[in-house]
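Trainee: Sharing a structure, written as structure tokens. Questions coming.
The values are calculated or read from the model by the stated rules, or taken from the named source; none is laboratory data. In this text the structure is predicted, and so the values were computed from the model without any measurement. For neighbour counting, all protein chains shown are included, and Cβ atoms are generated from backbone atoms with ideal geometry for every residue, glycine included. When the accessible area is computed, the model is the full protein with side chains, heavy atoms only, and any ligands, DNA or RNA have been set aside. Shrake-Rupley method; radii C 1.70, N 1.55, O 1.52, S 1.80 Å.
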Amino acid sequence: MTRKFLNREVVIRTAVTADLGSMTSLLGELFSIEADFTPDVRRQRQGLATLMASNNTTLLVAAAKETIIGMCTLQPLVSTAEGGTVGIIEDLVVTKMWRGKGVGGLLLNSIEEVARRQNMSRLQLLTEVDNNRAMQFYGKHRWEKLHLIAMRKRFS
């Protein structure tokens with residue numbers, strides 16, 4: 001998928017190994033604004049490489065010329081509530097200078113299309129409760145808030 005922004009073409013494509021450095025930097029931007037996570041280049045690169053090596057995950061990037069300006073990841077999960085496969089969007093991030101220009105929507109629409117093609121019945125994601133900009137973004141794209149809260153338990 002290709003669209004013009006600021007007189008530049010932005011292409012949404014499947015991520016390749018050469019994109020790992022740029023994608024790791026994007027995760028650093030994301031985790032620097034999230035209260036529950038901290039940037040760790042080694043861990044983020046390892047996580048992305050693991051996702052990339054998997055046969056059932058999707059990693060998309062938004063590129064302006066040769067520069068990666070955004071990314072989105074999708075992972076399948078079997079839901080007993082749905083009786084089948086649903087998708088988890090683990091990361092959706094656009095670099096700061098490109099935010100608010102439609103790139104995030106392009107990535108989100110692209111990942112939703114992948115989920116439909118894979119017959120996923122639902123997508124879900126996490127966002128910070130006080131990230132009003134993200135909440136408005138997802139609301140604009142017809143995502144619903146749930147009455148659930150996220151919890152976690154760490155083992156390391």
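Trainee: When only C-alpha pairs under 8 Å and at least 6 residues apart count, what is the relative contact order of the chain, in percent?
Mentor: 18 percent.
Trainee: A further question follows. Let me understand the chain better: what is its radius of gyration from the alpha carbons, and its Dmax, in angstrom?
Mentor: Rg then Dmax for the chain, in Å: 15.3, 48.
Trainee: Under the rule of -39500 (n - 2.57) per DSSP H run of 4 or more residues, summed and divided by the residues of the chain, what mean residue ellipticity at 222 nm is obtained, to the nearest 500 deg cm²/dmol?
Mentor: The helix-only estimate for the chain comes to -10500 deg cm²/dmol at 222 nm.
Trainee: At 1.4 Å probe size, put 143, 98 in order of accessible surface, largest to smallest.
Mentor: The ranking, largest first, comes out as 143, 98.
Trainee: Give me Rg over Rh for segment 44-120, both radii from the alpha carbons and Rh done the Kirkwood way, two decimal places.
Mentor: Working: Rg = 13.4 Å, Rh = 13.3 Å.
Here Rg/Rh amounts to 1.01.
Trainee: Hey, for a label at residue 13 modelled as a point 7 Å past Cα toward Cβ, could you say which residues of segment 46-71 have their backbone N under 13 Å away?
Mentor: Answer for this model: 60-69.
Trainee: Give me Rg/Rg_expected for segment 15-78, where Rg uses Cα atoms only and Rg_expected = 2.2 N^0.38 Å with N residues.
Mentor: Its radius of gyration relative to the 2.2 N^0.38 Å reference: 1.11.
Trainee: How many angstrom separate the Cα center of segment 122-156 from the Cα center of segment 23-92?
Mentor: 15 Å
Trainee: In nm, give the distance between the simple-model label positions of residue 43 and residue 88, each being 7 Å from the Cα along the Cα-to-Cβ direction.
Mentor: 1.5 nm
Trainee: I've got another one for you. Which FRET efficiency value, to the nearest 0.05, do you get for residue 78 and residue 153 by plugging their Cβ-Cβ distance into 1/(1 + (r/R0)^6) with R0 = 22 Å?
Mentor: 0.60
Trainee: With the cut-off at 16 Å, report for segment 59-100 the share of all Cα pairs above it, as a whole percent.
Mentor: The proportion of pairs with Cα distances above 16 Å equals 49 percent.
Trainee: For the chain, give the magnitude of the charge dipole about the Cα centre (Cβ charges: +1 Lys/Arg, -1 Asp/Glu; no others), in debye to the nearest 20.
Mentor: Dipole magnitude for the chain comes out near 260 debye.
Trainee: Write down, largest first, the equivalent ellipsoid semi-axes of segment 77-118 in whole Å, where each equals the square root of 5 times an eigenvalue of the alpha-carbon gyration tensor.
Mentor: One finds semi-axes of 27, 11, 6 Å for segment 77-118.
Trainee: Another one. Sorting check: for 107-117, 64-74, which peptide has the highest mean count of neighbouring beta carbons within 10 Å, and how do the rest follow?
Mentor: The most tightly packed comes first, giving 64-74, 107-117.
Trainee: By per-residue mean of other Cβ atoms within 10 Å, what is the highest-first order of 126-133, 26-33?
Mentor: 26-33, 126-133
Trainee: Heavy-atom accessible area per residue, segment 3-156, 1.4 Å probe: how many Å²?
Mentor: Value returned for segment 3-156: 66 Å² of accessible area per residue.
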